[in-house]
1. Run A:ASN16 past the list (1) polar (S, T, N, Q); (2) in contact (Cβ under 8 Å) with a residue 12 or more places away in the chain; (3) surrounded by fewer than 22 Cβ atoms within 10 Å (Cβ to Cβ); (4) out of contact with any Pro (no Cβ under 7 Å at 6 or more places or on another chain) and report the number of the one that doesn't hold.
2. Can you tell me which of A:ARG168, A:ARG161 is among the charged types (D, E, K, R), closer than 23 Å to A:GLY53 by Cβ and in contact (Cβ under 8 Å) with a residue 40 or more places away in the chain?
3. Considering only residues that are near DNA strand C (Cβ under 10 Å from one of its atoms) and part of a loop (DSSP other than H, G, I, E, B), which ones fall in the stretch A:103-137?
4. What are the residues in the stretch A:52-74 that are more than 10 Å from DNA strand B (Cβ to nearest atom) and more than 17 Å from the chain's Cα centre (by Cα), if any?
5. Cβ contacts < 7 Å: first residue exposed (fewer than 15 other Cβ atoms within 10 Å of the Cβ), restricted to the stretch A:45-70; second residue among the aromatic types (Phe, Trp, Tyr), any location; separation 6+ or different chain. Result?
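We did not get these values from a lab; they are worked out from the coordinates using the rules stated. Just so it is clear, the model here is predicted, and its values are computed rather than measured. Backbone-built Cβ (ideal geometry, glycine too); neighbour counts: all protein chains shown.
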Amino acid sequence: MHEVAPDLIGATLLVNGVGGVIVEVEAYHHTDPAAHSFRGPTLRNQVMFGPPGYTYVYRSYGIHWCINFVCEKAGSASAVLIRALEPTHGIAAMRRRRKLHDERSLCSGPGKVTQALGITHAHNALALDAPPMALYARASKPEIAAGVRVGITKAIELPWRYGLKGSRFLSKPF
DNA sequence: TAGGCGATGGTCT
DNA sequence: GACCATCGCCTAC
């Protein structure tokens, strides 16, 4: 997982042709008290205990949706939270959904990403390589920044947040 | 420009 | 009944 997470930085994520380049992610797995999978499988998180390459979508604070990629081998219950994108595809559609003109704020946070891409619980447990999802590997290796994760109350010291160094589209600087 | 806080609902204890 | 991997508005400086 700690190889997958930084490798996702620079990859392109599209949902129905709308999306952009991933510039910020966080890693979680089942030995990590901050992870949803820490207490074992439940109705909500069961997709994380399945095979890699699938989406895990959950509701955050009763208001927002957040999207994760399940990774590593089946049963390890690790996932990578997509926190920010650099918008490149379907910017007009994202602006419409976000009711926003500032391109920099379109996808600079996990709740914003799902709103801009139109992701809801209907997108839970979907394969990343089949419509409406699409994930494209980056062309070259970018400079990666690492830091502590954002917005959690447990295991806050683990430096499992990864980002594209110097990007203008991060949820917050490293 | 930075920090406080209310909204809001699924999930787990 | 409490917790929470957030956002955006409001205020104070």
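1. For A:ASN16, the failing item is (4).
2. Working: A:ARG168 fails: closer than 23 Å to A:GLY53 by Cβ.
Matching residue, one of A:ARG168, A:ARG161: A:ARG161.
3. Initially, the stretch A:103-137 is screened for residues near DNA strand C (Cβ under 10 Å from one of its atoms), giving A:105-116.
A:LEU106, A:CYS107, A:GLY109, listed by residue number.
4. Answer for the stretch A:52-74, where residues must be more than 10 Å from DNA strand B (Cβ to nearest atom) and more than 17 Å from the chain's Cα centre (by Cα): A:LYS73, A:ALA74.
5. Between residues of the stretch A:45-70 that are exposed (fewer than 15 other Cβ atoms within 10 Å of the Cβ) and residues that are among the aromatic types (Phe, Trp, Tyr), the close pairs are A:ARG59/A:TRP65.
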